[in-house]
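Undergrad: Dropping the structure in here first, questions after.
The values are calculated or read from the model by the stated rules, or taken from the named source; none is laboratory data. All values derive from a computational prediction rather than experimental measurement. Glycine also receives a Cβ, built like all others from the backbone with ideal geometry; neighbour counts cover every protein chain displayed. These accessible areas exclude ligands, DNA and RNA; they are computed on the full protein's heavy atoms, side chains included. Shrake-Rupley method; radii C 1.70, N 1.55, O 1.52, S 1.80 Å.
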Amino acid sequence: MKRKNDINGIIKAFIFIGFSAFYAYALVTGKVRQYVHPRIDPYLIFSSVVMWVIAGLYILEHIRNKKPKDHLAKSNYRVYLFYIIPLIMAFAFQPRAINTSNSSIVVGSADPSNTATQSTDVSQNTGVNELDDTEEAEDTSIELKEGVIVMDEEHFYSDMNEIYANPSKYVGLPIEVIGAVFKDESQFGKDEFVPSRNLMTCCAADTVSIGLLCQYKDTDQLEVGSWVRVRGTVELSDFNGESMPIIKVTSVEATEKPIEDFIYPY
């Protein structure tokens with residue numbers, strides 16, 4: 001009796017190889033940063049390896065398992081399109097960077113457990129770093145660089161929360177921050193903007209823009225979405241009836257977009 005191999009296993013194997021290859025491609029090229037937090041990388045590496053192993057098992061089974069033609073199960077190969085089409089799309093379409101000018105923003109302490117549900121929230125949200133009475137409080141003071149608060153990628157989130165939690169400690173201190181210009185005519189004054197950064201807690205779905213409100217007399221000359229280096233001093237100002245720390249800007253200069261587009265709470 002003539003024999004014929006069932007190709008279901010081979011199709012499944014190539015699907016697993018395809019997704020494994022996409023994970024590896026995203027990791028090697030750095031495009032994975034547009035999708036997930038760096039702490040997810042080990043899981044992606046593990047998944048990529050496991051998928052290769054599963055694919056190998058399917059291929060091995062295909063080689064060993066030769067069934068009589070009369071006993072071949074009739075397969076609906078169209079079901080594989082539900083996996084093949086997304087796989088093709090994953091390679092064909094490049095991840096699109098978040099457009100800061102069109103996104104919402106949080107001005108104030110940003111709680112990483114709550115960023116997915118926040119929108120244009122400019123109210124002060126202090127208490128994010130408050131500890132339970134039974135826990136020992138840690139010193140969260142900002143480490144100054146030559147007397148200046150420098151909110152770089154590593155310290156942007158923690159410095160911002162610390163300033164909002166303990167504004168009196170930092171009023172009058174010089175500060176420097178790099179961010180993309182964000183304006184909101186419905187919320188901000190004509191002389192106000194935010195040098196914002198995109199905060200990712202887990203993945204692109206929970207990304208939100210955060211930053212300190214700035215007062216600058218030439219705000220109208222700043223292009224929304226442009227990257228700037230802001231220098232100024234930390235001051236207290238009334239915003240929507242509440243006292244909150246802001247940056248009183250002394251200078252703004254254009255700068256290059258950072259290589260790392262996102263910042264992370266941990």
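Undergrad: For the stretch 230-243, give me the residue count where each residue is closer than 13 Å to Lys169 by Cα and open to solvent by less than 80 Å² (accessible area, probe 1.4 Å).
TA: Here the count works out to 3.
Undergrad: For the stretch 256-266, give me the residue count where each residue is open to solvent by 40 Å² or more (accessible area, probe 1.4 Å) and either over 25 Å from the mean Cα position of the chain (by Cα) or not charged (D, E, K, R) (or both).
TA: Qualifying residue count for the region: 3.
Undergrad: Sort out which residues of the stretch 223-266 are over 17 Å from Ile210 (Cα atoms) and among the charged types (D, E, K, R), and write them in order of number.
TA: Result: Glu223, Arg231, Glu235, Asp238, Glu242, Lys248, Glu253, Glu256.
Undergrad: Right, something else. Exactly one condition in (1) surrounded by 15 or more Cβ atoms within 10 Å (Cβ to Cβ); (2) at pLDDT 85 or above; (3) not basic (Lys, Arg) is false for Ile105; which is it?
TA: It fails just one condition, (2).
Undergrad: Restricting to the stretch 22-44, what's the tally of residues that are in contact (Cβ under 8 Å) with a residue 24 or more places away in the chain and either outside any helix (DSSP H, G or I) or surrounded by 17 or more Cβ atoms within 10 Å (Cβ to Cβ) (or both)?
TA: Number of matching residues: 8.
Undergrad: Kindly evaluate Met89 against the criterion of being in a helix (DSSP H, G or I), open to solvent by 60 Å² or more (accessible area, probe 1.4 Å) and modelled with pLDDT of 85 or more.
TA: Taking the combined requirement at face value, the residue satisfies it.
Matching residues to (1) free of Cβ contacts under 8 Å to residues at least 40 places away in the same chain; (2) of a type in the set (Phe, Trp, Tyr):
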site	(1), (2)
Val208	no, no
Gly225	no, no
Arg229	no, no
Gly232	no, no
Asp238	yes, no
Val252	yes, no
Pro258	no, no
Tyr264	no, yes
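Undergrad: Within the stretch 208-252, which residues are over 16 Å from Asp159 (Cα atoms), acidic (Asp, Glu) and touching a strand residue (DSSP E or B) at 6+ places or on another chain (Cβ under 7 Å)?
TA: If the condition is that a residue be over 16 Å from Asp159 (Cα atoms), acidic (Asp, Glu) and touching a strand residue (DSSP E or B) at 6+ places or on another chain (Cβ under 7 Å), then Glu223 is the only one that fits.
Undergrad: Now for a separate question. Only one of (1) surrounded by fewer than 16 Cβ atoms within 10 Å (Cβ to Cβ); (2) over 22 Å from Glu260 (Cα atoms); (3) in contact with a helix residue (DSSP H, G or I) (Cβ under 8 Å, 6 or more places away or on another chain) fails for Glu185. Which number is that?
TA: (3)
Undergrad: Still on this structure, please answer the following. Conditions: (1) modelled with pLDDT of 90 or more; (2) farther than 16 Å from Leu213 by Cα; (3) within 25 Å of the chain's Cα centre (by Cα). Lys169 meets all but one. Number of the miss?
TA: Unmet condition: (3).
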